[in-house]
1. Could you grab me the full set of residues in segment 109-123 that are among the acidic types (Asp, Glu) and in contact (Cβ under 8 Å) with a residue 24 or more places away in the chain?
2. Taking segment 60-77 as the search range and keeping residues that are surrounded by 20 or more Cβ atoms within 10 Å (Cβ to Cβ) and β-branched (Val, Ile, Thr), which one is nearest to Asn164 (Cα to Cα)?
3. With the checklist (1) closer than 14 Å to Ile43 by Cα; (2) under 17 Å from the mean Cα position of the chain (by Cα); (3) not polar (S, T, N, Q) in hand, flag the one item Lys107 doesn't pass.
4. Only residues that are at pLDDT 95 or above and over 13 Å from the mean Cα position of the chain (by Cα): list them for segment 133-148, please.
5. Yes or no: segment 28-50 includes at least one residue that is surrounded by fewer than 18 Cβ atoms within 10 Å (Cβ to Cβ), at pLDDT 95 or above and at positive phi.
6. Could you list, in sequence order, the residues of segment 45-73 that are of a type in the set (Gly, Ala, Ser) and either assigned to a loop (DSSP other than H, G, I, E, B) or out of contact with any helix residue (DSSP H, G or I) (no Cβ under 6 Å at 6 or more places or on another chain) (or both)?
7. How many residues does segment 145-175 contain that are closer than 17 Å to Gly68 by Cα and touching a residue at least 60 places away in the same chain (Cβ under 8 Å)?
8. Cβ-Cβ below 6 Å, separation at least six or inter-chain, first residue in segment 66-81 and in contact (Cβ under 8 Å) with a residue 12 or more places away in the chain, second acidic (Asp, Glu) and crowded, with 20+ Cβ neighbours inside 10 Å: which pairs?
Amino acid sequence: MKIKSFLMGVCIMGLASSSNPSPVQAVEAAKTGSVLATTVKSIEGAPVELSKYEGKVLLVVNVASKCGYTSQYSGMQEVYTKYKDKGFEVLGFPCNQFGGQEPGSNKDIQEFCSSKYKVTFDMFDKIDVNGANASPLYKQLTAAETKPKGAGKVGWNFEKFLINKKGEVVARFPSSADPDGKEVTAAIEKALAE
């Protein structure tokens, strides 16, 4: 009995120290602090600690290659080019959860983005943004109560989350909000000025 209790304790401690936070941990992190404690994978499959973006303003977007909003890649690249020297980054996360509109492999996605839209901002591994298999990053992002959209699951491709220099979610925009439109760029400029 003592051995069983000990082993259960070891398992629980192991789970608690896992790099993938539980939904409860993700919600608490989103409410209280930085999303930059998360590790994700680059589109090439290498681990990327989001802490490398500390002190920068981030626009995090779930993207898809065959969506009515796919042309927003141009606007994402435009705002990245305009503000990158001021401490701004765009992070693209391919997702196939909405209408199967991102069916390709990471290599296909990378080739599409660079050839069609000349994307130079950072792209990451294809992920889920909703449900049981959602990326820990997106569990944190969707748990945050932000304006103008509020908390809750991602509704479609090209939703946008704005993260301030402290790693806090400060704004969330729907798919229809152009990344280079006045509403989004005003929020970016405000976050850069803080």
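1. Asp122
2. Val60
3. It fails just one condition, (2).
4. Correct list: Asn133 only.
5. Yes, the conditions are met somewhere in segment 28-50.
6. Residues satisfying the conditions are Gly45, Ala46, Gly55, Ala64, Ser65, Gly68, Ser71.
7. Adding up the residues that qualify gives 7.
8. These pairs meet every condition: Gly75/Asp178.
The values are calculated or read from the model by the stated rules, or taken from the named source; none is laboratory data. Bear in mind the structure is a predicted one, so any value in this text is a computation, not a measurement. Don't worry about glycine lacking a Cβ; one is built from the backbone with ideal geometry, like all the others, and counts go over all protein chains shown.
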